[in-house]
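The values are calculated or read from the model by the stated rules, or taken from the named source; none is laboratory data. Computed from a prediction, not measured in an experiment: that's the story for all the values here. All Cβ positions, glycine included, derive from the backbone under ideal geometry; neighbour counts span all protein chains shown.
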Amino acid sequence: FGAHNNAMLRRFLDTFGFEYEFISATEFYKSGRFDATLRLACERYDGIMAIMLASLREERQQTYSCFLPIHPETGRVMYVPMKEVNARDGTITFDDETGREWTLPVTGGHVKLQWKPDFGARWAALDVDFEMYGKDHSTNTPIYDGICEVLGGRKPNHFAYELFLDEGGQKISKSKGNGLTIDEWLTYAATESLSYFMYQKPKTAKRMHFDVIPKAVDEYHQQLRAYATQDVEAQVNNPVWHIHSGKVPASKMVVSFGMLLNLASVAGATEAKGLWGFIRKYAPNASPEANPDLDAAAGFAVRYFTDKIAPTRVFRVPSDKERAAMEDLRGRLAAWDGPRDDDSLQTMVFAVGKDHGFEPLRDWFKALYEVLLGASDGPRFGGFVALYGVEESVALIDRALRGDLVA
């Protein structure tokens, strides 16, 4: 089980490009690399115990030891009190559950440390100068620091980050299963989007659920585009400078992830190439080869739509007021001979809503998304028309007004 978890950790580190030296705790104990620190723990046993006992209830104090011997015959980790800790010989003496007395060296993998002392002992043994961990460890920081210092180490600089919340604002819990795993995120977006999400406000409890993925993808690419226009001071304060260690690539995302999701909704695509016909009409110079990030995002968008949007989207019929406005929009699009860029089409869609008395105007755009796409919001609708196509958008409105989408 431990080897499996170690493999998962290393896969994570490799996926996100970390430079690291991997040290297995089991090998650390067995190989002798921890021996000097463990012998020192014998010598300074009373100092370690004073720190630990102050944090324990009276009943636990009676049986607690920072050392956990490994039974020589069964290999079990023994949670037993010590009869003797011999600093000169570097040994511990204890009784097992049958009452048999054993004396073992603390070196060579014959014992482990309880997890809190182990935390501080590792800092001392490895000369750790920076440690980051979740807020749930914060109350134990003085314990870790104290044990590190007792063992001759210097406490590291700390960074405690806030824990994550689910979409309802509740703390993520393994028992509830209301979390979002790294693998689940990477099923629907590139690693950089998760790095960007993690970089933002580490001291703030953030909601982490599937709905935040599209926003993180688009914000990451917004920052990439901004980076090229910034001065040096602004660049080093841009999240992408840190994500890419100062070697920041250019964004080739000529279509936002949110827009790709809407395109997937109406195009009926089952893979990225099903979106490229629309993308090429919108951006003739784009291609999977020249825009690999866009090509990857198109694949992610199809998968995200299929798994997360399609099963829950709900279309509705328009109200009389909305129907009249959509018929007007349909007519203006059918007769449209102006520029087919995002801004020109957005201005026209905006004007239709204003002419039909929508106040606030966001109610008009909300109606368009609910009736035509089965969603309550989305990117600018004019941009969607430009990407999907004017004629295709006319046909989509016709289907909605006939009631085909709610059938």
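Some notes on this structure:
- Which numbered condition Glu271 misses (of (1) under 24 Å from Ile397 (Cα atoms); (2) part of a loop (DSSP other than H, G, I, E, B); (3) modelled with pLDDT under 95): (1)
- Gly374 under 31 Å from the mean Cα position of the chain (by Cα), in a loop (DSSP other than H, G, I, E, B) and not polar (S, T, N, Q): yes
- Looking only at segment 61-86, and only at residues there that are exposed (fewer than 15 other Cβ atoms within 10 Å of the Cβ) and in contact with a Leu (Cβ under 9 Å, 6 or more places away or on another chain), the one that is farthest from Thr141 (Cα to Cα): Pro72
- Condition met for Ala334 (over 23 Å from Asp218 (Cα atoms) and over 39 Å from the mean Cα position of the chain (by Cα)): yes
- Here is the figure for segment 152-173: residues that are more than 30 Å from Leu40 (Cβ to Cβ), assigned to a loop (DSSP other than H, G, I, E, B) and not hydrophobic (A, V, I, L, M, F, W, C) total 7.
- The criterion of being over 23 Å from Asp343 (Cβ atoms), touching a residue at least 24 places away in the same chain (Cβ under 8 Å) and either touching a Lys or Arg at 6+ places or on another chain (Cβ under 8 Å) or surrounded by 14 or more Cβ atoms within 10 Å (Cβ to Cβ) (or both) holds for Val248.
- Cross-chain or 6+ apart pairs with Cβ under 6 Å, segment 340-363 first and over 26 Å from Phe278 (Cβ atoms), then not β-branched (Val, Ile, Thr): His356/Ala325; Phe358/Trp364; Leu361/Gly353
- Within segment 92-103, the set of residues being surrounded by fewer than 19 Cβ atoms within 10 Å (Cβ to Cβ) and in contact (Cβ under 8 Å) with a residue 24 or more places away in the chain comprises Asp96, Trp102.
- Within segment 301-330, residues that are not assigned by TED's automatic domain parsing to the domain that holds Val394 have Cβ atoms under 8 Å from residues that are of a type in the set (D, E, K, R) and not in a helix (DSSP H, G or I) in these pairs: Val302/Glu271, counting only partners at least 6 apart in sequence or on another chain.
- If the condition is being more than 30 Å from Ala121 (Cα to Cα), surrounded by 11 or more Cβ atoms within 10 Å (Cβ to Cβ) and among the hydroxyl-bearing types (Ser, Thr, Tyr), then segment 152-194 contributes Thr187, Tyr188, Thr191, Ser193.
- Leading residue by the ranking (surrounded by the fewest Cβ atoms within 10 Å (Cβ to Cβ)) among those in segment 354-370 that are within 21 Å of Ser265 (Cβ to Cβ) and in contact with a Phe, Trp or Tyr (Cβ under 7 Å, 6 or more places away or on another chain): Phe365
- From Gly99, Gly108, residue being more than 15 Å from Leu40 (Cα to Cα) and in the same structural domain as Ala50 (by TED's automatic domain parsing): Gly99
- Residue match in segment 285-294 (condition: in contact (Cβ under 8 Å) with a residue 40 or more places away in the chain, buried (at least 20 other Cβ atoms within 10 Å of the Cβ) and either closer than 22 Å to Arg340 by Cα or within 29 Å of the chain's Cα centre (by Cα) (or both)): yes
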